[in-house]
Every structure is written in structure tokens, then in C-alpha cells.
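Everything on this sheet refers to the single structure shown next.
No lab work stands behind these numbers, since they all come straight from the coordinates. Just so it is clear, the structure is predicted and the values come from calculations on it, not from any experiment. Here the Cβ positions follow ideal geometry from the backbone for every residue, glycine too, while neighbour counts run over all protein chains shown.
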């Protein structure tokens, strides 16, 4: 043997990326870097359809140049990779499940941002797989872990994640090349050199920071309100949620509306206390504080118009797009109000009168219900929206309010009736309100799901495990859009409640 | 314009003799073609060899300097047919395509070519891929080689070996008057490495020379009585000539000790393409070093068809056991060796797929495991203590659970893809009219079968989408729908699918997805591309072609992002009383190509101070209620989720990130499906004129005044 394999100086490096992230650019940089610095480099990848937004692996082997050519591998093997670069946190997890990250040798450089897969996005509820599920595993599997939000670093420096990951690789000292050699490679590539170097430098520093925080880049909650003095009379565990709710309700309508909200909470808190709410951390009143605010702040046309015309909104849009305040920005709003949403703006009696005349409804539909694109940076459309937002002062007399109020009272009535019977079930009943969201068809579908869950709750309300069933119903309702899982749970409930009836 | 440009890399093809060439496998193959006096080249794109077509296309200047004819063939059948030039003329020709789908399409021409035999060297470069990223069914090119009697090369996956295989391929083809197939695995096509160059050689006879002196030989025509003779000739003359050439030129290689008491009793026989993976396993077991010095005797088959009995039997002599490394199934090579051993009365133990996977890719892990197990059974002394009885941990249940938790990430439509709104419209129409029988085809549009669209139930072959709905042509309660891409349309779809539907009086709907390119294979131009191409005739209309074969009901939509219009057109196609096939052509440019083309121009214009409007979409997070209905009609990578941190909310809201290209799909879908008012389009105007700035300033001051007034009145802080 001329040179033993183990001591040949071979470096094996795998890059796991999602198609479109520039994994190819990164591997080309590494090859170029190695060849400029007296190494032999072999890289391979699998292009093709896999690169269309799918998960892809690039593989590079580096060896100090010797006279006789080496025989290098074309794909990574489990337990045999020195450096793994994962361009997204779930891809880091994937590297671990594939065995590419091992505690004896692997330096893992991972960006902890999330790119949501389609399967996470289509869930009507919260389908997001959290970083917390992956982090302990990548920490345990890696010999060394460098974990930062390299996507944010790239975005902040106007570059791509390929550049920030190269910076992290340089900062990790896992390759036998110094920083200048890395930078020379970027400079030689000749495209987007300035931003690439900025991203490289920032990520280099981040990778060398004493204790890189593995926590994901989370936006600070911009709704966090200080506790309002008006909630002081409520039980302590309720006050935070009540403050947030109160702020929302006042912002939605006016202070009188806020008082209504507080009155509901006060009476609920009394009933709660009577049922031993103290022992439950006043979960009933807390849950009510959350969902009552949502119920009272239903999404109608004045609300949307208000949200679209605020100064805070203008500032946020410019901030999100990274557009300076003096730049010209044209804003087009996409609206498609349905006839019933328009009718629901009418005073209750007028609205009901119109609704009972189908020909008239059709006529209104023809005239008004169509897709509208409003340029809200122009005066006339802005004034129209501004005027619509101002209609909130008439809200209490509108047909929509009449209906929302009735629906809310039925829901509250149901929960308060259950409170003395089954505390947990009453809390779950309040939480069912989560199912109502969206506009037009989606809203209708949400309402239908809400109704079916409430019916399901009625079927189980005498059981001791009723709260578990209520929770199961709600989870199922949020899991898919057409209610297949909800049907399943309801069928199960019907099967045993039917049996019980027969007994 | 292809997705990847090799304009700068192809300059390496001019490197003079004796220098080091660095680059990708496909570039090395191209250089080898030039070094070996090829007279004409062609092919059809498709991974793994897509980029080979792109390289050839980008190298047309160099090719024409050497008087080499380059043809971007309409299909693999057309490419294989082009090799007919080598039957009667001593001109070397090479074509390339994806195997096994391309080989299937080309098989008619390949059979005829193999029957007639060749005078000039004919090389068919095929790409094969058994990996998890492969987009096609995993069958073996080996079967085609065997049935047509075409010799099959499978070189070691390094640049010098691959370059040498091109030279050997031409020489073998000419020595045996037989076409030769050169098989490359996908990673070999894209491996970055180096080799020493030879001089480029113009073809001794060019196709232009041939046209001056046309020749024909009646005995080369596949028609009785000649064709009966061809079968005899294959066995009696061409096969022995090939075997002799392979032996004389040592095309197959031996590594490792010739005779060694300890290691000589076992051996490994491997396809050339698997050599590096075998070596890595041996390296990890301490049985080979980094430069390929092996302690185990290796017999490397750079030619996997025909197999050479004498070489194989010689290798087995004196050995107790051999392992055959043969990727893919069936195990043609192992079976052939078994027959050789049986006939020769040898007793060596023949192993192969009892240690290695019967099907699928031979990964590093599979190879390491297979070779270790083989050695454990047949030469345990060679293994270290640790490898003999490894202390492997039991599989970690937490990792197994994590595997299930991690989201699958199959390929899908790119950001801003113009095909997304087509399938959003189709989904909406199905919500109205009920589910339909839908077939898919090959191309990016097949991503519609994945969530969130889940549209299309089969794919039968390139351009065969509508044909695969033929059983339903008579119609019924609902009309069958088929999808066909522009690539598939020109490849085979016009005749096999559209002509077929017209002739059989189909009542079905065909949606032709026209994205201006052969997009899935890397954005190559085709007949109906809108771009002007220096060397090819583009801008030929699909609608015109369809009308020509007799379709009367045609609707052309030139902006697929107009979802309401698409939806209405599809609804009309599915409900009209018009007889005969219905065709909707939904056309918009592939966004990947469009961005690549437009972005640099726009950046330059902005730098130069010209007015430019750059669109992007956004979501108002306090208007969005987090029901994600938009995601179920989109799946766009730039449309993701965001947790707002608002204690009153449970579910994440929609969020559009900075990768948005402003295609407009979000707004159109929100409108057409009456989703929600949270989407907005933000057009940033770069370098506005003075008048625009003035008007904008006035609007802004009025709006700001109104906003502040209301903030004050309603008691809220800005």
C-alpha cells in the first residue's frame, strides 16, 4: 500500500439543499477553492427534475494533490462524511436520518430557518413542523454543530444562502484553507461579488460567535400589549389574554364595545370561580378571553377596509418589501366581495327584506359581486376604502352584526351550560371557535365544521371523557379541508353513542 | 435558451493536445468526440445527458469549424435514425439520449441499425440512473444491447476512462461493424474531474463529402434476402471480431494481486461504472488505498456486452468465490457467468445479488454492506476484528420516528411557474363539475399529480397523455381530460395523441401546457419556442399544427395567470356540445427561463436610470385568518407560513417571502376562488419620472393626512 486510506487526508463533504437554493453554486465554489489551493476535488450531483424545488444532495471529495490520481467516491455514505452543510433545518434532520451526520467525525453546518413543505402548508390548522423536533437530534448526532439563520444573513446582505453558507464553512475551520482563500474564490467567480462577500463575512462571524443560538429566527410579537388597568379585576391568569383581547376589541369598534367584552369576561369569571376555576388556572375565562375577542372582531368589509387603510399597514408593507419611504410604490388590493357580504352591510331589516327576494339578490350580484382590483395608493380607491372603514360606526345596526351576535350568544350559552357539568368540556367548547375563519366559501366551510363539532359535543357531553372527544373533533376538523377526518371521528362517536342508546 | 449555459466552458474544448482539461463528465465526453474525428452528432435532451445536448448546442461554432454536423433531433427515434449515415459511409457518428425511456423510443431505429451494421463508428451515448432522484422507470439498457446485439460499454466513472471509452467505442464499432452503446450513470455525467487532452481531429470524411459521392449497398438494407444474412453475420463475423478487439486492446481491466496465497482465492467482478463505489468499500475495509491499489483481485468490465468467456474463466481459475457487482435487474451478467461456469465445469462459488440489492441503486452503504458480508463468508481473515464482528448500535427509535416526522420534499413547480394557475383552474372546475378521469404526460406538468393539486392518474410516455385516455374517447357522463406539454406535443404527441384523437372521433379534452421550452429537461428550445434561435427554426404554432390535423375546437390562452379565464374556458370545453376532440392551449413562458432572461436586463436598466416596475406580492397578516385555502390552490415555494406571535391567534398566517417574482397567481387565485382580501400586489417603481414623483408625493401627503386624522380620532398609535 502506498498510502493508507484513513490517513490520506481525504475530506468528504455533503451539501443538502432544496432545489433553487444554489447548492450547485456552493459546490462549485468549494471545488474551485480546493483546486486553487493544491487539492484535487471531485464533485457530483443529480440534476434534473429533483432540482425543481425538491430535496437534493451535492457531494464533494477533496484530497491533497499527489502524483498518482486517487479513486474517489461519487456519493456520500452513512458514517463516512466529514462535513455536512444543510441549507434548511429539516434537511439537516434528513442528513441525520440518512446517517450522514455521525458524532465521531461530522461537522454539521445548518441553517435553522424553515422552508415549509407543501404538506405543512395545506393543513387548515397549524401543520408546521417545529425546529424543536429536529434540533435535539442534530445536536446529538453531530461532532460539532454550527446552527444559525443563514437565510436571514443572506437576505440582510442582499445575497443568497450559498454565500452565507460558504462563510459559515470558512468560519468553522473545517477545511484547511484560510479566509482569504475563500474570499479569493468568490472574487474570481465574478458574479454578484460584493453582496456575496458581505453575506460571507457576516456568516463567517456568526459561525465563530462564542455560543451561536440554535433558536430559530422568530419575529417579536408586535401585538404584545401591556396589561390594561381595566382587566385588573379579572383573575390573574386571565389578565394577559384579556388585555390583548380588550385592545383588539377596542381597536375593532370602540371603547363601549370593549366594555361589552369586559362584562362578558367578568360574568364568566364569576361562574368560573364558582366551579373551582382557581384549580384550573381559570382556563375557562382565559379561553373565553381569547375566542370572544375573535368572535367579536369578525371579518367584515369595514374591518378589511380599516386594516388596509391604516398608517401602520403602509409602514409595514414598505418595511416587508424593503422599500424606502420616499420610493414610489403602487399597491393593488385584490377584493372579491360576495353578494351576501355586501347585503350584510345593510341595516338588519333592509338586509333581511332584500335577502327574501331572490331576483333582487341576483340583480345585486350581477351589479356588484365581482373581482375588484383597487389601487389603494391612488386617491379615489383609497377614499372609497377609507369611507368603508368609517362605516364601522353603523356596524351595530348591520345584518352581519345581528347574525354574529346571535351565533356568539348560542356558542356562549352552550359553553356556560356545560360549565357546571364538565369544566374541561366547557373549555373545549369555547375553543371550537378556532374553526371559524376565512372569508366567503372558506368561512362558510368553517361555520359548517363548527356546527358539526358542536353537534358531536352534544352527543358526548354526558361522558366523562367528553373533553377528550371534543379535542379530537377539533383536531380532526383542522387536519384537512374537506372534513374527512372529522367525518371519521363523528362516525366513531355515533357508533358508540348508538350502542349506548340501544343498551 | 437552455437553463444552463456552457458558453464559457465550451471554450475548453479548444484546448490543444497534452494539456489538463478540468470540468464535468459531459464536457469531457464532448471533447473526446472532437478528438476522435466524429462527423456528426445529435440527440434528444433528458437527464442524465441533458447537459450533453446543451454542451453540444453551445459548442456549435467549434463543431462547425471542424465541419461536424450537429442536429437537435425531434426525438430519440430521430436521433437513432440519424446514425443511418454510418451504415453506408465511413463517417463516425454519435447520438445521445436518456435511457431507458429514450432507448424505448429509439428502439425501432436501433434494431434496424444493428441489423444493417455500420461502416463508420456509431456511438449511442445513453444516460442511466437508478437513484432516488430518477424521474423514470428503472429498466436496463443492457436488455437493448442483448436483443439487438449492440455492444455495451460501461467505463469507470473518471474522466480519463470515460474519454478513452469514446475512442474505444468508435474503434470497436468499426472493427466489428456494429453500433456501440456507451452507458453513463448520472453522477458520472456530472462528475467534476480532469484528464489530459489530445488534439481535436476533423472527420476524415465529412457529411458534405458523402453528399458529393452518394453510395449504397443493397446487402445493407433490412429487407429479404439481406436481412436473413444479417442475423448470421452478427454471430459468425461481428461477434468474434468484437471479442478479438476487446481482448487485443484490453478494454476490460484487472487490478489487485495476480497471485497471492491470502487474497487470491476470492475476487470481485464489477461493471466499470460501479468501480469507484467498490473501491470505496474496499478502502473503508482497509483492503485498498486512496490511489486504487487493491488487495483483492478485481476484474473490471468496461465492456458489459459482449462478455468474454475466456477472460472470465481465467479470472475464476484457482478462486474459491467471486462476487459479481451488477447494478439493476434482471441480473443478466451474473446469469451469463453462471452459464459459462456450468459449461466449463468449474466449481468456483458465484455470488452477486445474494449479497447486493436485487434492484435499485448500488449506494455506498449497500456496497459496503454487501462486500463486507461477502468477505465475512468467503475470506474472513481479510477483515479486521471490528469489521468481522462490528458493534453496531441497535437502530435508534427516535431517529426512525424523526424519519416519519420530516416533511417529504418531492420536486414541484418552481416559484412563479405558469403551470400552477392551470392546475388551480382545473381544480376549481372539478370542484364545480365533479371529479374527472385525467391522464398526465411527461414534463414539469406532471408535478400536478403531487399535493396540493393531485391531478392526473397515469403517465404512459412522452406525448402519450391523450393517447392513454383513448379507452374513454367515446365519452360518457363526464369528458376525459388529458394533459400534454409542448415538449411531448412535438416529440410524439401531434401524431400519436392528437391525430389519434381526431381519427377516432374523441370527445375528450386535451390541455396543452405550452411553456415555450422543453422545460423539465433544462429549458431547451423546440419548434414552438418564441425566442429567435440562430441555428434552429422556432415560432411554429401548436394551434396551427393541431388545426392541420383536423381539430376544430381550439382555445388558445396566452396568459395562464388569468385563472378566471382559464377556469371558464376549461368549463366550456367540458360542457360544450361541439363534437370531436377539444383542445385548450395554455401558454406562458417558463418562469425559470423568463427570470434568467429578464432579470439581468432589468437590473441593467435600473442601474442605467430607466423607469422599471418590479412586481411582488404580499399578504396582510392581520387580514389573513390562517385557513390556508390559498396554499391548497398554489404550493408556490415563496408562499409560506408565518407565526405572528399574536396571543389571540392559533394558526400561522400566509406569508410571501422575498423570492416572490410577482407572477400574479396569488391575486388571480384569490379572486377566481373568492378566497380572501389579504393579498396585495406591490409594484416598486424604480427611477420614476418627475411628474410621477410629484403625483405620488401629492397622493401620499393626502393619504397620510387622512390616516393620521383617523389614528387620532380613533385613539390609536401609528
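Averaged across the residues of A:90-97, what count of C-beta atoms belonging to other chains lies within 10 Å of each residue's C-beta?
4
For the stretch B:253-388, report the translational diffusion coefficient in µm²/s to the nearest whole number, using Stokes-Einstein at 20 °C, 1.002 mPa s, and a Kirkwood Rh over Cα pairs.
Translational D for this selection: 145 µm²/s.
Can you give the translational diffusion coefficient of chain B in µm²/s, computed by Stokes-Einstein from the Kirkwood radius over Cα pairs at 10 °C and 1.306 mPa s?
Details: Rh = 29.1 Å.
Translational D for this selection: 55 µm²/s.
Scale the Cα Rg of the protein assembly as shown by the rule-of-thumb value 2.2 N^0.38 Å and send over the ratio, two decimals.
On the way: Rg = 34.3 Å, N = 1221, 2.2 N^0.38 = 32.8 Å.
Ratio of Cα Rg to 2.2 N^0.38 Å: 1.05.
Which ordering of B:607, B:265 is given by a fewest-first count of other beta-carbon atoms within 10 Å? Walk me through the intermediate numbers first.
Details: B:607 11, B:265 16.
By the 10 Å Cβ count, ascending, the order reads B:607, B:265.
Report, as an integer, the average count of C-beta atoms from other chains found within 10 Å of each Cβ along B:354-360. Intermediate values should be presented prior to the final figure.
On the way: counts 0, 0, 0, 0, 0, 0, 0.
Going residue by residue through B:354-360 and averaging, the value is 0.
What's the percent breakdown of Cα-Cα distances in the stretch B:321-385 across 5 Å bins, shortest bin first?
For the stretch B:321-385, the pair-distance distribution reads 4, 18, 25, 21, 18, 10, 4, 1.
In whole Å, what are the extents of the stretch A:107-163 along the principal axes defined by its C-alpha atoms, from largest to smallest?
Computed over the stretch A:107-163, the largest-to-smallest principal extents equal 36, 33, 13 Å.
At 222 nm, what value in deg cm²/dmol follows for the protein assembly as shown if DSSP H runs of at least 4 each add -39500 (n - 2.57) and the sum is divided by all its residues, to the nearest 500?
Numbers: 47 runs with 520 residues, N = 1221.
Counting only the DSSP helices, I get -13000 deg cm²/dmol.
Taking neighbour counts of Cβ atoms within 10 Å as a proxy for exposure, in what order, fewest first, do A:75, B:181 appear?
Details: A:75 21, B:181 26.
The fewest-first ordering by Cβ neighbours comes to A:75, B:181.
Compute the angle between helix A:440-460 and the longest alpha-carbon principal axis of chain A, please, reported from 0 to 90 degrees and rounded to the nearest 10.
70
As a test of the definition: which semi-axes, in Å, follow for the stretch B:390-475 when you take the square root of five times each eigenvalue of its alpha carbon gyration tensor? Largest first, please.
Largest first, the stretch B:390-475 gives 36, 17, 14 Å.
For chain B, take the longest principal axis of its alpha carbons; what is the angle in degrees between that and the long axis of helix B:275-284, to the nearest 10 within 0 to 90?
That helix lies at roughly 90 degrees to the long axis.
Return the percentage of antiparallel bridges among DSSP beta bridges fully within chain A, rounded to the nearest 5 %. Numbers along the way, then the final one.
Numbers: 20 of 33 bridges.
Expressed as a percentage, antiparallel bridges in chain A total about 60.
Please report, in whole Å, how far the alpha carbons of the stretch B:612-687 spread along each principal axis, starting with the longest.
Its Cα atoms span 42, 26, 20 Å along the three principal axes.
Take every DSSP beta bridge whose two residues both sit in the protein assembly as shown, then give the antiparallel share in percent to the nearest 5. Walk me through the numbers before you get to the answer.
Numbers: 50 of 117 bridges.
If I count the DSSP bridges inside the protein assembly as shown, around 45 percent turn out antiparallel.
Please report the antiparallel percentage of the DSSP beta bridges confined to chain B, to the nearest 5.
Once the DSSP bridges in chain B are tallied, antiparallel ones form about 30 percent.
On the first, second and third principal axes, largest extent first, how far apart are the outermost C-alpha atoms of the stretch B:151-252 in Å?
Result, largest extent first: 49, 34, 27 Å.
Could you give the angle, 0 to 90 degrees to the nearest 10, between helix B:420-433's Cα long axis and the longest principal axis of the Cα atoms of chain B?
The two axes meet at around 70 degrees.
Per the Cauchy relation, a quarter of the hull surface: what is the mean projected area of the convex hull of the alpha carbons in the stretch A:412-475, in nm²? Show your work: numbers first, answer last.
On the way: hull surface 15.4 nm².
Projected area, direction-averaged: 3.9 nm².
Give the order of A:386, B:368 when sorted by the count of other beta carbons within 10 angstrom, beginning with the fewest.
Numbers: A:386 20, B:368 23.
Listed from fewest to most nearby Cβ atoms, that is A:386, B:368.
Could the peptides B:58-70, A:149-161, B:390-402 be put in order, highest first, of the mean number of other beta-carbon atoms found within 10 Å of their residues?
Working: B:58-70: 17.9, A:149-161: 22.7, B:390-402: 10.3.
The peptides rank, most packed first, as A:149-161, B:58-70, B:390-402.
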